[in-house]
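Notes for the one structure printed next.
The values are calculated or read from the model by the stated rules, or taken from the named source; none is laboratory data. Computed from a predicted structure; not experimentally measured. As a convention, Cβ positions derive from the backbone with ideal geometry for all residues, glycine included, and neighbour counts pool all protein chains shown.
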Amino acid sequence: MDYLDKYKFSCDNPEEFGIDIKKYKKQNVLDESHISDLLSHSIRITKDILPKVSKSINRVFEKLEIENQFNFFVTADSFQANAACSLISLSSKPDIILTSKLIELLSAKELEFVIGHEVAHYVYQHAMYPNYQNEENRNLKLNILNLSRAAEISCDRIGFLACGDLEVSLRAILKLASGLDDKHLNFKFSAYLDQLRELETLGKSQSQLWSTHPSFLIRMQALIWFSMTREYHQFFDTKKKGSYNISEIDKKIEGSIKKIIGNEVDVSNKEIFDKALLWGSLNLYLSDKKFSKAEQEIFIKKFGKEKATKAISLLKISNRDMLEKKVETSFTDASNLLKTDKNLLISELKKIGEDMEGNKIKKLETLGRLLSFLGHDKPVS
């Protein structure tokens, strides 16, 4: 299954969002009662009970060239066309649950897209990703939602590869978004992309900012772009070269998502970054209990007269405990920064430490403590 990694959307990476998934593993695994509930209230899909659906499942695994280690169930739901992949434990077989509405709504080939999509959630270990609703930190919530949306783009690609047809994949996405079947929908895809352009023109959407899934319009556009990549043509051996590398397409998709969700996450990350850098720098300067005139001038030049003067004035009327509290709060927030921002913050703090006067040992100790907040455990020298 490792060969599927090259089709993964580059933003589908917890580290990029400052998220350590190791601490969420137990949180996201279901208990043993889950399988009992499925066996009690759902039908296990087999070739004897649901032969057509079973054939679609088999074709997916043949196309993806991976072993079927999954349990498949259909559950009664006449309202929602939906599918889900879940785990009881890390060593158990994953369960993929399809609703009855989904099976009635989609053709056999469209169903293959959905099955491939759900298989990809397991292959890419998305069950280990945190649930934003369990978090209190707003910035972390937004980063988790960004990660969740990226995961859906990855899975759509594998669904597309599983069914082997772009138009079928786009039809499946449209049907799931609208709940309508072939009798009602006109599959003129250019019209839907016009709707996407209109949405991008309007800009920031709060509903998309707090959604676990990208807009169905973005998902359609993302698949159309993916069909133009060299990686796609290599998978199907079409003899065509493709117009783009997958990395180029990933940047286009990331830009398209940002047009709709706005720059709120970027603004929030910048505020957190700036606060951590300011209070971290001040903590470094005061590590030897001195703050020379030359150091104060450098501090003011770096952060601007207004911010620097406010911070220094606050120190004069407060005590060391206040500074420690400011550092702890700002660096706890900074621990949830994007990987690139976190690395830049580490680099900035190291540079400040190198250029400082005074007791080097004290400054290195302080620097090491600051960097440990950011998950940087290597010795500082």
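Over 25 Å from the mean Cα position of the chain (by Cα), β-branched (Val, Ile, Thr) and over 19 Å from PHE226 (Cα atoms) - does that describe any residue in the stretch 96-110?
Yes, the stretch 96-110 has at least one match.
Answer with yes or no whether SER148 is in a helix (DSSP H, G or I), of a type outside the set (Asp, Glu), surrounded by fewer than 22 Cβ atoms within 10 Å (Cβ to Cβ) and out of contact with any strand residue (DSSP E or B) (no Cβ under 9 Å at 6 or more places or on another chain). Reasoning before the result, please.
Numbers: in a helix (DSSP H, G or I): yes; of a type outside the set (Asp, Glu): yes; surrounded by fewer than 22 Cβ atoms within 10 Å (Cβ to Cβ): yes; out of contact with any strand residue (DSSP E or B) (no Cβ under 9 Å at 6 or more places or on another chain): yes.
The answer is yes for SER148.
Which members of the stretch 6-22 meet the condition of being in contact (Cβ under 8 Å) with a residue 40 or more places away in the chain and of a type in the set (D, E, K, R)? Write out each step before concluding.
Step one: of the stretch 6-22, the residues in contact (Cβ under 8 Å) with a residue 40 or more places away in the chain are 6-21.
LYS6, LYS8, ASP12, GLU15, GLU16, ASP20, listed by residue number.
If you go through the stretch 237-251 one residue at a time, how many are at pLDDT 90 or above and basic (Lys, Arg)?
Result for the stretch 237-251: 1.
Taking the options ILE153, ILE158, name whichever one is closer than 22 Å to PHE113 by Cβ, under 15 Å from the mean Cα position of the chain (by Cα), part of a helix (DSSP H, G or I) and not basic (Lys, Arg). It would help to see each step written out before you state the result.
Details: ILE158 fails: under 15 Å from the mean Cα position of the chain (by Cα).
After applying the criteria, what remains is ILE153.
ASP266: part of a helix (DSSP H, G or I), farther than 18 Å from GLN208 by Cβ and under 24 Å from the mean Cα position of the chain (by Cα), yes or no? Can you show your working first?
On the way: part of a helix (DSSP H, G or I): yes; farther than 18 Å from GLN208 by Cβ: no; under 24 Å from the mean Cα position of the chain (by Cα): yes.
In short, no.
Report whether or not ARG197 is assigned to a helix (DSSP H, G or I), surrounded by 15 or more Cβ atoms within 10 Å (Cβ to Cβ) and of a type outside the set (Ser, Thr, Tyr). Let's see the steps before the verdict.
On the way: assigned to a helix (DSSP H, G or I): yes; surrounded by 15 or more Cβ atoms within 10 Å (Cβ to Cβ): no; of a type outside the set (Ser, Thr, Tyr): yes.
The answer is no for ARG197.
Six or more apart or on different chains, Cβ atoms under 6 Å: show the pairs whose first residue is in the stretch 190-218 and closer than 21 Å to LYS141 by Cβ and whose second is among the small types (Gly, Ala, Ser) and surrounded by fewer than 17 Cβ atoms within 10 Å (Cβ to Cβ).
Here the result reads LYS204/GLY262, each pair linking the stretch 190-218 to a residue that is among the small types (Gly, Ala, Ser) and surrounded by fewer than 17 Cβ atoms within 10 Å (Cβ to Cβ).
Would you mention how many residues in the stretch 327-364 are surrounded by 13 or more Cβ atoms within 10 Å (Cβ to Cβ), farther than 23 Å from LEU142 by Cα and either of a type in the set (D, E, K, R) or in contact with a strand residue (DSSP E or B) (Cβ under 9 Å, 6 or more places away or on another chain) (or both)?
Number satisfying all stated conditions: 6.
Where in the stretch 1-104 are there strands (runs of 3 or more DSSP E), lying fully within it, with 2 or more residues that are in contact with a Lys or Arg (Cβ under 7 Å, 6 or more places away or on another chain) and modelled with pLDDT of 90 or more?
Values: elements: 42-44, 71-75, 83-86, 95-99.
Of the strands (runs of 3 or more DSSP E) lying wholly inside the stretch 1-104, those with at least 2 residues that are in contact with a Lys or Arg (Cβ under 7 Å, 6 or more places away or on another chain) and modelled with pLDDT of 90 or more span 71-75.
Filter the stretch 175-189 down to the residues that are part of a helix (DSSP H, G or I) and either loosely packed, with under 13 Cβ neighbours inside 10 Å or free of Cβ contacts under 8 Å to residues at least 12 places away in the same chain (or both) and list them by number.
First pass over the stretch 175-189, keeping only residues part of a helix (DSSP H, G or I): 175-178, 189.
The one that is part of a helix (DSSP H, G or I) and either loosely packed, with under 13 Cβ neighbours inside 10 Å or free of Cβ contacts under 8 Å to residues at least 12 places away in the same chain (or both): SER178.
Give LYS240, LYS258 a once-over and let me know the one that is assigned to a helix (DSSP H, G or I) and out of contact with any Gly (no Cβ under 7 Å at 6 or more places or on another chain). Give the steps one after another, and end with the answer.
Numbers: LYS240 fails: assigned to a helix (DSSP H, G or I).
It is LYS258.
Do we find that GLU248 is part of a helix (DSSP H, G or I), within 25 Å of the chain's Cα centre (by Cα), surrounded by fewer than 16 Cβ atoms within 10 Å (Cβ to Cβ) and on the phi < 0 side of the Ramachandran plot in this structure? If you could, list the steps in order and put the result at the bottom.
Values: part of a helix (DSSP H, G or I): yes; within 25 Å of the chain's Cα centre (by Cα): yes; surrounded by fewer than 16 Cβ atoms within 10 Å (Cβ to Cβ): yes; on the phi < 0 side of the Ramachandran plot: yes.
Yes, satisfied.
Can you name every residue in the stretch 189-212 that is within 19 Å of ALA172 (Cβ to Cβ) and out of contact with any helix residue (DSSP H, G or I) (no Cβ under 9 Å at 6 or more places or on another chain)?
SER190, ALA191
Considering only the stretch 66-79, I want to know if a residue exists there that is surrounded by 12 or more Cβ atoms within 10 Å (Cβ to Cβ), within 30 Å of LEU180 (Cβ to Cβ) and of a type in the set (Val, Ile, Thr).
Checked the stretch 66-79: at least one residue is surrounded by 12 or more Cβ atoms within 10 Å (Cβ to Cβ), within 30 Å of LEU180 (Cβ to Cβ) and of a type in the set (Val, Ile, Thr).
Out of (1) crowded, with 20+ Cβ neighbours inside 10 Å; (2) assigned to a helix (DSSP H, G or I), what's the single condition that is false for ASP274?
Every listed condition holds for ASP274 apart from (1).
Do we find that PHE113 is at pLDDT 85 or above and either in contact with an Asp or Glu (Cβ under 6 Å, 6 or more places away or on another chain) or assigned to a helix (DSSP H, G or I) (or both) in this structure? Write out each step before concluding.
Values: at pLDDT 85 or above: yes; either in contact with an Asp or Glu (Cβ under 6 Å, 6 or more places away or on another chain) or assigned to a helix (DSSP H, G or I) (or both): yes.
So PHE113 fits the description; yes.
Could you list all residues from the stretch 370-381 that are modelled with pLDDT of 85 or more and surrounded by fewer than 17 Cβ atoms within 10 Å (Cβ to Cβ)?
Answer for the stretch 370-381, where residues must be modelled with pLDDT of 85 or more and surrounded by fewer than 17 Cβ atoms within 10 Å (Cβ to Cβ): just SER372.
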